[in-house]
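The values are calculated or read from the model by the stated rules, or taken from the named source; none is laboratory data. Just so you know, these numbers come straight off a predicted model, no measurement behind them. For neighbour counting, all protein chains shown are included, and Cβ atoms are generated from backbone atoms with ideal geometry for every residue, glycine included. Ligands, DNA and RNA are excluded from the accessible area calculation, which covers all protein heavy atoms including side chains. Shrake-Rupley method; radii C 1.70, N 1.55, O 1.52, S 1.80 Å.
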Amino acid sequence: MSVTPELVEQDDGGRLIKKIVALEAILAAPGEMVTDDQGREFIPPPAIVVERDLGERERLAICTDWSNHSTAWLMRHRLGLRAVLMDLMAGVEIKGDEAIIQALAEFSKRNASHVKGILNLTIPLSESPVWILGQFLCQLGLSTESRKPPMEDGQRVRYYRLNTSDVEFIQKVLDYRQRQREDRERKRQNEQERNAAYAARMQSQYGINAPSTPPINESGDNNRGGMDTEEQLSDSWWERVKYYARLAIERVEDGVDKVKELLSTLTLDERLGVMLEFEDARPDKFAQLVTDAPQWTEWMA
């Protein structure tokens, strides 16, 4: 989105995205019930929450003060917050005296110390169920608006629903994040298929086992001791290989030593990729190189 003063204010110093991430977690479907060796049953958190925790531990291995997203998710799940949110996000109005809202408030009061320790939220015993629900919603970047229609059965009842502008904004962010995950997964699968085809061709044509490509590092914070693993790893690697292949093709006329000199400046996987691309792009030039340097496979070592 374009940066505006209103968006900066809404961002609240980076706090908003943390709230949206927490909302995304509780809206995700939990895992299937599992039973441990002692017969106790547990509901695992959604895969998106587990991956977030694992990713944080991998990126911050030296640190032990992790966020524990799974623990926060479990507390919200036990509160019954997901069922309430599914209705509210769908536009359903509540009065506050529904059984599910009452149960959420009672559980919060009984476990006030745990709610405070895990979610950093203080639950006064004197507050109403609607007020308590509002505090949990605020942690998820949501707020409520109310209306008071004409009297029903001699009583004036107030109805609550989620703030429409909040929902519209957050839904756009959630949809964007989902598209990003789908794009990353599609790139990962394409990369695996490309590597498998590449390795099979090298093995069948030249009897050479292609080296494995280091994993894509989505965060870009650590090259993990291998080749460049920024977000556009797959595309950038192949573009680089194609560029070097064009150089190699041009140098064939200058002699095989010039090609060997170029390859010596590349990594092993780049050398193999260059030769494969070389053969695909200019089979005539590649045949000339093989004729002049039949020992070219030794350059791959």
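Points to keep in mind about this one:
- Restricting the range 92-126 to residues that are farther than 16 Å from R158 by Cβ and in a loop (DSSP other than H, G, I, E, B), the residue that is farthest from the chain's Cα centre (by Cα): S126
- Close Cβ contacts (under 8 Å, 6 or more residues apart or on different chains) running from residues in the range 56-79 that are under 15 Å from P44 (Cβ atoms) to residues that are buried (at least 17 other Cβ atoms within 10 Å of the Cβ) and modelled with pLDDT under 75 are absent.
- Qualifying helices (runs of 4 or more DSSP H) (wholly inside the range 246-301; at least 3 residues being touching a Leu at 6+ places or on another chain (Cβ under 7 Å)): 256-263
- Test for V130: is it in a loop (DSSP other than H, G, I, E, B), within 20 Å of E93 (Cβ to Cβ) and β-branched (V, I, T): no
- Any pair with Cβ under 7 angstrom, 6 or more apart, that starts in the range 282-301 at a residue that is over 14 Å from R246 (Cα atoms) and ends at one that is open to solvent by 80 Å² or more (accessible area, probe 1.4 Å) and assigned to a helix (DSSP H, G or I): W299/K260
- Meets criteria (open to solvent by less than 80 Å² (accessible area, probe 1.4 Å) and either within 24 Å of T144 (Cβ to Cβ) or more than 25 Å from the chain's Cα centre (by Cα) (or both)) for M75: yes
- Restricting the range 1-54 to residues that are open to solvent by less than 90 Å² (accessible area, probe 1.4 Å) and of a type in the set (K, R), the residue that is nearest to L137 (Cα to Cα): K19
- Residues within the range 24-38 that are assigned to a loop (DSSP other than H, G, I, E, B) and either among the β-branched types (V, I, T) or closer than 28 Å to R177 by Cα (or both), tallied: 6
- Residue check, L140 out of contact with any Lys or Arg (no Cβ under 7 Å at 6 or more places or on another chain), of a type in the set (A, V, I, L, M) and under 28 Å from D12 (Cβ atoms): no
- Scanning the range 155-180 for residues that are open to solvent by less than 60 Å² (accessible area, probe 1.4 Å), of a type outside the set (F, W, Y) and more than 23 Å from the chain's Cα centre (by Cα) returns V157, L162, N163.
- L142 part of a loop (DSSP other than H, G, I, E, B) and within 29 Å of R177 (Cα to Cα): yes
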